[in-house]
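Working notes, beginning with the structure itself.
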Amino acid sequence: MSDELLVSTRKGLFTIERCGSGWEIAKVDFLADNVTLALSDKRSGKRYAALDHGHFGVKVHRSTADGWEEIPTPTYPEKPEGLEENDMWGRPLPWSTVRIWSLVAGGPDEPGVLWCGTLPGGLFRSRDDGQSWQFVRSLWDHPSRKMWSGGGADLPGIHSICVDPRNSRHVSIAVSTGGIWHTSDSGETWTQRGHGMRAEYMPAEQAHEPNVQDVHCLAQCRQAPQRMWVQHHNGIFVSSDEGHNFTEITNAKPSAFGFPVVVHPREPDTAWFVPEIKDEKRIPVDGKLVVSCTRDGGKTFKTLSNGLPQSHAYDVVYRHALAIDETGDRLAMGSTTGGLWVSEDQGESWACVSHTLPPVYAVQFA
Amino acid sequence: MARVVFTPNIQRHVACPEAEAAGATVREVLDAVFASNPLARSYVLDDQSALRRHMTIFIDGVMIRDRKGLGDTVGENATIYVFQALSGG
């Protein structure tokens with residue numbers, strides 16, 4: 001059970017600790033800087049923070065015994081002379097790390113391994129706790145990668161990375177927009193998965209093409225890894241075969257739109273979502289911030305609102321801003337309007353830690 | 001030798017003291033400066049070694065034109081200002 005939270009915000013990295021019966025802000029690092037993502041690597045005890053300095057670019061910092069140190073940022077290889085590759089807007093695709101959109105630890109049997117997904121769609125792997133990064137060329141050079149488009153940003157990006165708890169060489173990633181991809185050999189080769197999803201924003205003949213799916217978030221159950229959940233741009237999808245095929249959940253209440261999903265580590269049928277009015281509005285239904293939970297694989301949903309603002313709440317919870325701890329009992333979420341809540345009873349009730357934080361991008365139990 | 005002056009705003013993230021370096025182009029001068037201050041390089045240049053999107057460079061008060069190749073010529077006693085552009089801020 002984790003008593004500590006890392007909260008990445010537009011204006012710094014906040015460490016939240018459980019004190020007595022409540023949760024309090026214990027520390028702020030990188031105050032005033034844009035911290036887009038953080039990682040607590042439980043294997044090594046090291047922590048990582050991805051910063052976006054705007055003019056000065058994306059940087060990565062790693063914790064030390066008494067603070068932080070800057071470590072190399074994943075860097076794209078030299079773009080071949082004369083190569084013309086444009087983004088969906090007809091502009092030259094930057095071979096440059098525009099944003100770090102996912103940062104996860106490898107398996108327990110491969111200490112030092114980190115995976116990092118970026119905009120504009122490049123994947124990186126480190127074998128030495130981020131001291132150096134290898135560009136996963138096999139995925140970048142895959143012909144289908146060039147079909148990826150912008151979704152959550154103008155450029156395509158890898159936002160979800162799931163390392164199979166049974167075999168660390170098996171890794172699934174999700175792309176906005178580019179669907180779900182899988183490697184069974186630590187990134188040497190890649191195959192498209194995620195069949196069965198539906199993209200209602202595409203022409204009918206393209207709607208079921210796996211490579212156009214705008215997956216907002218992909219989550220894999222730790223104890224039952226064959227179970228994967230997807231919060232998609234236009235719905236919720238569930239897989240029982242390691243992400244090969246998905247079935248749409250059509251009765252999600254109060255809405256099927258949202259960004260994050262987390263799954264209980266031992267109960268594959270139990271997952272949580274933060275529903276919003278669908279894409280053209282992106283605000284909580286009726287101004288009430290709620291979490292929805294299914295405990296039967298998506299057959300029914302329970303709306304959880306105890307402790308959450310139920311009047312004129314316009315919080316959006318981004319894809320990395322809903323977290324679950326390793327016990328499955330504690331959840332935490334942060335919002336674009338600076339709210340942060342923790343639940344110790346699987347979402348049945350929530351306690352507000354703050355409603356005046358900077359916009360929250362990511363939340364993780366340390 | 002050209003004199004290279006960095007924006008004060010960058011100093012909060014990485015030390016970029018004023019420097020002197022030889023070179024016939026902006027690229028040559030910056031390569032020399034970053035050789036002795038490698039951490040600063042990625043704050044100014046992107047993965048393809050082009051000038052970052054919202055950065056700008058002036059040579060004796062004139063904004064450079066070759067943001068990708070950094071081929072603008074540098075006079076013997078020029079002053080190079082490495083600033084952030086107002087855009088993006």
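The values are calculated or read from the model by the stated rules, or taken from the named source; none is laboratory data. This structure is a prediction, so every number in the text was calculated from the model and none was measured. Don't worry about glycine lacking a Cβ; one is built from the backbone with ideal geometry, like all the others, and counts go over all protein chains shown. Side chains included, ligands, DNA and RNA excluded: accessible areas come from the protein's heavy atoms. Shrake-Rupley method; radii C 1.70, N 1.55, O 1.52, S 1.80 Å.
Just to check your reading of the model, which residue among A:Phe30, A:Phe14, A:Phe56 is over 21 Å from A:Tyr318 (Cα atoms) and aromatic (Phe, Trp, Tyr)? From the options A:Phe30, A:Phe14, A:Phe56, the qualifying one is A:Phe56. Report whether or not B:Met1 is under 29 Å from A:Leu93 (Cβ atoms) and away from chain A (no Cβ under 14 Å). In short, no. Evaluating A:Pro165 against the criteria (1) touching a residue at least 12 places away in the same chain (Cβ under 8 Å); (2) surrounded by fewer than 18 Cβ atoms within 10 Å (Cβ to Cβ); (3) in contact with a Ser or Thr (Cβ under 9 Å, 6 or more places away or on another chain) leaves one unmet condition, (3). Report yes if some residue within the stretch A:5-14 is within 11 Å of another protein chain (Cβ to nearest Cβ) and hydroxyl-bearing (Ser, Thr, Tyr); otherwise report no. Checked against the condition, which is being within 11 Å of another protein chain (Cβ to nearest Cβ) and hydroxyl-bearing (Ser, Thr, Tyr), the stretch A:5-14 yields no hits at all.
Of all residues assigned to the stretch A:74-91, none qualifies as being in a strand (DSSP E or B), within 14 Å of chain B (Cβ to nearest Cβ) and either in contact with a strand residue (DSSP E or B) (Cβ under 9 Å, 6 or more places away or on another chain) or surrounded by fewer than 19 Cβ atoms within 10 Å (Cβ to Cβ) (or both). Of all residues in the stretch B:1-22, those that are among the aromatic types (Phe, Trp, Tyr) have Cβ atoms under 9 Å from Cβ atoms of residues that are assigned to a loop (DSSP other than H, G, I, E, B) and open to solvent by 20 Å² or more (accessible area, probe 1.4 Å), 6 or more apart or on another chain, in B:Phe6/B:Pro17; B:Phe6/B:Glu18. Test A:Ser255 against the stated conditions and say whether it is of a type in the set (Ser, Thr, Tyr) and modelled with pLDDT of 95 or more. It is false that A:Ser255 is of a type in the set (Ser, Thr, Tyr) and modelled with pLDDT of 95 or more.
Results for (1) open to solvent by 10 Å² or more (accessible area, probe 1.4 Å); (2) outside any strand (DSSP E or B); (3) at pLDDT 95 or above; (4) under 28 Å from A:Glu209 (Cα atoms), shown as yes or no for each residue.
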position	(1), (2), (3), (4)
A:Lys278	yes, yes, no, yes
A:Ile283	yes, yes, no, no
A:Leu289	no, yes, yes, no
A:Asn306	yes, yes, yes, no
A:His312	yes, yes, yes, no
A:Glu326	yes, yes, yes, no
A:Thr337	yes, yes, yes, no
A:Cys352	yes, no, yes, no
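Take the conditions (1) in a strand (DSSP E or B); (2) surrounded by fewer than 16 Cβ atoms within 10 Å (Cβ to Cβ); A:His216 misses just one of them, which is (2). Only residues that are more than 23 Å from A:Cys352 (Cβ to Cβ), of a type in the set (D, E, K, R) and in contact with a strand residue (DSSP E or B) (Cβ under 6 Å, 6 or more places away or on another chain) were counted in the stretch A:254-278, giving 1. Quick test for you: out of A:Pro94, A:Pro111, pick the one residue that is within 14 Å of another protein chain (Cβ to nearest Cβ) and assigned to a loop (DSSP other than H, G, I, E, B). The match here is A:Pro94.
On the stretch given as the stretch A:11-51, residues that are charged (D, E, K, R), assigned to a loop (DSSP other than H, G, I, E, B) and more than 19 Å from A:Pro74 (Cβ to Cβ) total 3. When A:Lys46, A:Lys42, A:Lys27 are checked against the criterion of being without any contact (Cβ under 8 Å) to a residue 40 or more places away in the chain and either within 15 Å of A:Cys116 (Cβ to Cβ) or touching a strand residue (DSSP E or B) at 6+ places or on another chain (Cβ under 9 Å) (or both), A:Lys27 stands alone in meeting it.
Of all residues in the stretch A:53-73 being assigned to a loop (DSSP other than H, G, I, E, B) and at the interface with chain B (Cβ under 8 Å from one of its Cβ atoms), which is nearest to A:Arg137 (Cα to Cα)?
This residue is A:Thr73.
For A:Ala332, the requirement of being crowded, with 21+ Cβ neighbours inside 10 Å, in contact with a His (Cβ under 6 Å, 6 or more places away or on another chain) and in a strand (DSSP E or B) is not met.
Of all residues in the stretch A:136-144, at least one satisfies being under 16 Å from A:Thr97 (Cβ atoms) and either surrounded by 23 or more Cβ atoms within 10 Å (Cβ to Cβ) or in contact with a helix residue (DSSP H, G or I) (Cβ under 7 Å, 6 or more places away or on another chain) (or both). Cβ-Cβ distances below 7 Å connect the following pairs, each with a first residue in the stretch A:132-152 that is under 18 Å from A:Pro92 (Cα atoms) and among the charged types (D, E, K, R), a second residue that is open to solvent by less than 40 Å² (accessible area, probe 1.4 Å) and at pLDDT 95 or above, and a separation of six or more residues or different chains: A:Arg145/A:Gly121; A:Arg145/A:Leu139.
For A:Thr270, indicate whether it is open to solvent by 10 Å² or more (accessible area, probe 1.4 Å), touching a residue at least 40 places away in the same chain (Cβ under 8 Å) and polar (S, T, N, Q).
no
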